[in-house]
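These notes are about the structure you will find just below.
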Amino acid sequence: MAAHSPSLLIAWQLNNKNVLIVGGGEIASQRIDSILSTPASITLVAPLDGLSIRTTEHIVSHPDRITYHNRLFSGPDELENIDMVLTALDDSDRTREIVNMCRAARIPVNAADIPDLCDFYFGAQIRDGPLQIMISTNGNGPRLASLIKSKVQKNLNGTEGKAILKVGTLRSMLKGRAPGVGGDVGRRRMKWMAELCNTWEMEELALLDEGMMVKLLDQGWEKDCVPTPEEIDRSLKRQGQSQQILIPSIIGIVSGALFVTCLVVARRR
């Protein structure tokens, strides 16, 4: 596949899946980092003298997640009961052989640093609980993906993951009140949740607790409206008011100081 061809960006579920990693160097350790963030089991095949410090640390720290085999990749038998393969080898010819074995076995494979052999790519990732953001250059410029990741992170305030969890809980509670898939009820649920997310700030959604969620459903969903944060919890209103009062106060203090300064200067003249 050409490096410039568009890719389908998906979040790949790895529950109860087995991932084979061939190689034990620095790139392999990065692949292990990525897979450890999922529930998948890892099989690592690499000679002991080829393991990086980080890879060795992973093997020692996660014996329940990583099955390590101190040997070279031996052939197609290594692919039995494997759902995904990641190669991290310096030998491009051997990598191509392994990729061909994976294709024959219909197993998706990623070959580190050889984009045209990959069924999928890794990208720079941002994770905050359920929030997952991947920046991919489609195999063209991993370093640029990392730089773009830094720019994106600067525009996040750290409450996004918590807000998503709270919204997910609220959606589940709403489905309990108004069950069903599709149809008028499904469309109404989607519309109401969309209006809520558009009305409330991310920080306000992150502050939702069970009592506030029940109140939202009672006063919002049941009455076909979206209450403001202040209507659900007065403390949110007090926070907003204190900020509104603080800003004019600061402006007043600064203005007063400037007036006094100007008056003193005028008298000296």
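The values are calculated or read from the model by the stated rules, or taken from the named source; none is laboratory data. Treat the numbers as computed from the prediction; the structure is a model and nothing was measured. No Cβ is skipped: glycine too gets one built from the backbone with ideal geometry, and neighbour counts run over all protein chains shown. Ligands, DNA and RNA are excluded from the accessible area calculation, which covers all protein heavy atoms including side chains. Shrake-Rupley method; radii C 1.70, N 1.55, O 1.52, S 1.80 Å.
Looking at region 105-123, can you tell me whether even one residue there is open to solvent by 50 Å² or more (accessible area, probe 1.4 Å) and in a helix (DSSP H, G or I)? Yes: one or more hits. The residues on offer are Val260, Val185, and the sole one that is open to solvent by 70 Å² or more (accessible area, probe 1.4 Å) and modelled with pLDDT under 95 is Val260. For region 147-166, the set of residues classified as open to solvent by less than 40 Å² (accessible area, probe 1.4 Å) and either free of Cβ contacts under 8 Å to residues at least 40 places away in the same chain or farther than 21 Å from Pro229 by Cβ (or both) consists of Gly161 only.
Note on region 1-58: residues that are buried (at least 18 other Cβ atoms within 10 Å of the Cβ), more than 19 Å from the chain's Cα centre (by Cα) and assigned to a helix (DSSP H, G or I) amount to 5. Being within 21 Å of Ile114 (Cα to Cα), within 27 Å of the chain's Cα centre (by Cα) and modelled with pLDDT of 95 or more is a property that Leu79 lacks. With respect to (1) of a type outside the set (Phe, Trp, Tyr); (2) open to solvent by less than 20 Å² (accessible area, probe 1.4 Å); (3) farther than 24 Å from Thr38 by Cα, the lone exception for Asp93 is condition (2).
Pairing each residue of region 127-143 that is at positive phi and assigned to a loop (DSSP other than H, G, I, E, B) with any residue that is aliphatic (A, V, I, L, M) and open to solvent by less than 40 Å² (accessible area, probe 1.4 Å), provided the two are 6+ apart or on different chains, yields C-beta distances under 7 Å for Asn138/Ala3; Gly139/Ala3.
Determine whether region 60-82 contains at least one residue that is within 22 Å of Thr137 (Cβ to Cβ) and out of contact with any Ser or Thr (no Cβ under 9 Å at 6 or more places or on another chain). No, region 60-82 has no match at all.
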